[in-house]
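What follows is a set of notes on a single structure, which appears directly below.
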Amino acid sequence: QVQLVESGGGLVQAGGSLRLSCAASGRTFSNYAMGWFRQAPGKEREFVAAIGRSAGTYSADSVKGRFTISRDNAKNTVYLQMNSLVPEDTAVYFCAADQNFLTVTTGTPLFFGQGTQVTVSS
């Protein structure tokens, strides 16, 4: 079992930035691909970004050039740096983990956190 705890969400104006963090515990962090998903009100959860065990990354087209995913294996933490935020980025953001990178990118990872709310005002 992998436990994931997100933090760093909040209210920000359009054009602003936030950095989300996700602290993992329970298994060897470096053995897992990590990802971020989000779910806006009334919408299905969608993939945002993923990072593999070797730190290769993949992002959704909607966030490319604005969001950056990174990981610190020494701290068992994955980050999502979000810049140039727009109101459409408003959602609950979830951290995810799976040993298979492709599984994370296709939206069906094994473990999810509880989420952190991000609200972007216009």
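Worth a mention:
- Applying both filters, DSSP loop and at most 12 other Cβ atoms within 10 Å, to the trypsin sites (Lys or Arg not before Pro) of region 47-106 gives Lys64, Lys75.
- The residues packed around Pro87, meaning those with a beta-carbon under 15 Å from its beta-carbon, carry a net charge of +1 if Lys and Arg are +1 and Asp and Glu are -1.
- A Cβ-based charge dipole, computed about the Cα centre of the chain with Lys and Arg at +1 and Asp and Glu at -1, lands at about 240 debye.
- Length released on extending from Arg45 to Ser17, taking residue separation times 0.36 nm less the Cα-Cα span: 7.9 nm
- If you take all other residues with their beta carbon under 13 Å from the beta carbon of Asn73, and give Lys and Arg +1 and Asp and Glu -1, the sum is +3.
- Pairs of Cα atoms farther than 18 Å apart, region 1-52, %: 46
- Distance from the Cα centroid of region 13-42 to that of region 90-122 is 6 Å (rounded to whole angstrom).
- Computed over the chain: relative contact order in percent, which uses C-alpha pairs under 8 Å that are six or more apart: 36
- The alpha-carbon positions of region 62-114 define a convex hull whose volume is 105 Å³ per residue.
- Dmax and Rg, reported as Rg then Dmax, of the chain (C-alpha, Å): 13.2, 41
- Length gained on full extension, Gln81 to Asp61, computed as 0.36 nm times the residue gap minus the Cα-Cα distance: 5.6 nm.
- Protein accessible area in the chain, 1.4 Å probe - carbon and sulfur %: 46
The values are calculated or read from the model by the stated rules, or taken from the named source; none is laboratory data. Being a predicted model, the structure only gives us computed values, none of them experimental. In this analysis, Cβ positions are derived from the backbone assuming ideal geometry, glycine residues included, and neighbour counts consider all displayed protein chains. All accessible areas refer to the heavy atoms of the entire protein, side chains included, with ligands and DNA or RNA removed. Shrake-Rupley method; radii C 1.70, N 1.55, O 1.52, S 1.80 Å.
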